[in-house]
Structure formats: structure tokens, C-alpha cells
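These notes are about the structure you will find just below.
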Amino acid sequence: MDTKGYNISFLTLSSLIINPVIVIAGFFVLIRNLASIVIQVFCFNGDIWQQCWNQVTYHLGDSEVNYYVYGTTFLTFSIYWTIGSVYLLADVLGRPKAIKELKTQPGTNEPVDPDRLKKLIKQVLFNQIVVTLPLTYFTHVTFKQREFPSISKLPDFTTFIIHLVLLSLTQEFCFYYSHRLLHHRAIYKYIHKQHHQWTAPIAIAAMYCHPVEHLLSNLLPPAIGIILFGPHIATQWVWFALALIQTLNDHSGYHIPNISTPEAHDYHHMKSTQCFAGLGILDYIHGTDLQFRQSSYFKRRFRLSDFVSTKYFGKAKQ
């Protein structure tokens, strides 16, 4: 009896140890295989991507200014106003009606005040044309001696991903601390307060700010990553596109299904002292998201898998 009991205990103990190991090992094998498939797909189709890029270089020519200054400006300007206008139409027209059910702050900007909107658009255009364009040209000329990859040949998939990760982490670091600096009581009312006039922001309010803030917090963080790591211009364009789409969504005021949630940054606009960066890594480290984590807004911080109204998550407690 004792021996049998011992054997059963031993088998039970063995299963408790071995089974998780098998599951974990199987998980890593699955991840490795999936990664291998993705890499192979990109590698096998590398010629296709390169052929597409050849068409770009054919039309833009050999001048680096066409890529680093005019191409970057055209790309960022187009993405900002194209996607921003889609959100804006929903704000102005209130259509489709179902979109109202997804507002993070129901009842706000329904519709958007025309006078405030005109002021916003003027400031954003000023920042993009008078501040961004000359600075982009100045940065290109100043760091022209920095060795960037050849424009004509696209980077390999691994290098592309590594640079995107590095740019994201650099952006998180630089934006967090520059943003917190702008919230310092000695300078907040002179610069950053303008951006926080929109306590319930709309998408195109992402660049509605004082020119000094636009330089320090919107332009400098991504520029530092590019100068440090020297990614290919195509990687830069992809990075700019992703960053713009993210910030437009963060300011949109809509928690749209299957799109990254804007709850954290929306909460920042309401409370001003919480959730300073995008990824939330440094907010967690410094404890600048504690109030947010204790609120019901944090419970809504996940991707909606259905066209479900945020009101069904219960009344938000700030």
C-alpha cells in the first residue's frame, strides 16, 4: 500500500514537472516556426519589395533632399490629414451614428465647435509648414555627413525590424521625459497648456501645440533615434507612418474595435498628471500611471473585438 502510494505520488509529481516543460517547449517551437515562416515570406518576396522601391527611386531621382526632406514632409502631411480627416468627419457629422457609442468621453465634441476647430487647424498647419519643414531641411544638411544606408537598396527584414524597435524605444524614452518637462509648473502655463485646452481631444489635435512644444516633444524624440541608429529612409517612412497613426488614434477620442486603445492618453488629457508616454513602460517604472490603473478607464484599456459601446463597461470612475 505504501509502495503504491509512493508510486502514485511520484507519477503525479513527475507529471506536474514534465507537462509544463513540454507545453513551454512546444510554445517556443511554435514561435520559432512562425518567425521562420514570416522571415522566409519576406525574404522570398524581397525582390518584389525592391522592385516597388525601384519605382520610387526612379521617380524621385538621386537627390537625397527629395527623400529626406520633401518625401518625408509629403508622407507625414498626407497621413496626418488623410486619417485625421476621417476622424474629423465623424466628429463634425456625427456619422455613422454607431461611432458615438465608441467615444471615450461621451457627449464631448458633439459636434466640434467651429471656432475652436479653425484655431486648431491654423496652429497645426503653422507647426507643419513653418516649424517642421525648415527643421527637416536643417537636420538633413547638418547631419548629411552621417553615414546612412544607400537609398537605392532596401534593408533586410531583420535590420528593418531591429531599427523599428530601437526607434520605438528611443521615442518612448525621449518623449516621456520631454513631456514631463513640459508639465513642470514653471513652464506648463506658457507652453504645454495650449495642447491641454482639449481635455477631450480629437485626432487632429495631436499637433495642436505651442511651436516650442512641437519642436521639443513632437520632432526631437524621433529625430534622436534616427540620428543615433541611422535607419534606411524607407524604414524611417514606415516608422513615421506608424507613429502618426498611433498618435492620431490616441487623440481621436474613439475606442474603435481592433485598434490600439486611446484610453491612457485620453485619461492624460483629462487628468494632466497621468500617463505621459505611449508604450507605458516609463509610466509604470515611475508610477505615473497609478491613478489610471485604479480607475475604470484602465479596465477598458484593451482591444474591443466587437462593435461594443464603452458605456457597457460601466460608469467610469476617475
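Here are some notes:
- Per-residue SASA remark: LEU216, around 50 Å² accessible (1.4 Å probe; ligands, DNA and RNA not included).
- Estimated inter-spin distance, LEU220 and TYR190, nm [label 7 Å along Cα→Cβ]: 1.4
- If a spin label sat at a point 7 angstrom from the Cα of VAL56 along the line to its beta carbon, the backbone N atoms of region 199-232 nearer than 20 Å would be those of 222-232.
- The residues ARG180, ARG185, sorted by heavy-atom accessible surface at 1.4 Å with ligands and nucleic acids left out, run ARG185, ARG180 from largest to smallest.
- Nearest-0.05 FRET efficiency for LEU89 and LEU290, computed from C-beta distance (R0 30 Å): 0.25
- Computed with a 1.4 Å probe over protein heavy atoms only, the accessible area of PHE173 comes to about 120 Å².
- Bridgeable aspartates and glutamates around LYS189 (alpha carbons under 13 Å apart, same-chain partners fewer than 8 residues away excluded): GLU213.
- Protection proxy ranking of 65-76, 127-138, 108-119, by the mean of other Cβ atoms within 10 Å over each peptide's residues and highest first, is 65-76, 127-138, 108-119.
- Taking 21 Å as the limit for the C-alpha separation, the pairs LYS122/LYS193; LYS103/LYS299; LYS193/LYS299; LYS119/LYS193 exceed it in the case of LYS193/LYS299.
- With both labels modelled 7 Å from their Cα along Cα-to-Cβ, the THR73 to ASP47 distance reads 3.8 nm.
- Taking amide hydrogens as placed 1.01 Å from N in the peptide plane, the amide H of TYR254 sits under 5 Å from those of THR104, each at least 5 positions away in sequence or on another chain.
The values are calculated or read from the model by the stated rules, or taken from the named source; none is laboratory data. Remember, predicted model here, so these are calculated numbers, not experimental data. Cβ: placed from backbone, ideal geometry, glycine included. Neighbour counts: every protein chain shown. Accessible surface is based on the protein model in full, side chains and every heavy atom, while ligands, DNA and RNA are left aside. Shrake-Rupley method; radii C 1.70, N 1.55, O 1.52, S 1.80 Å.
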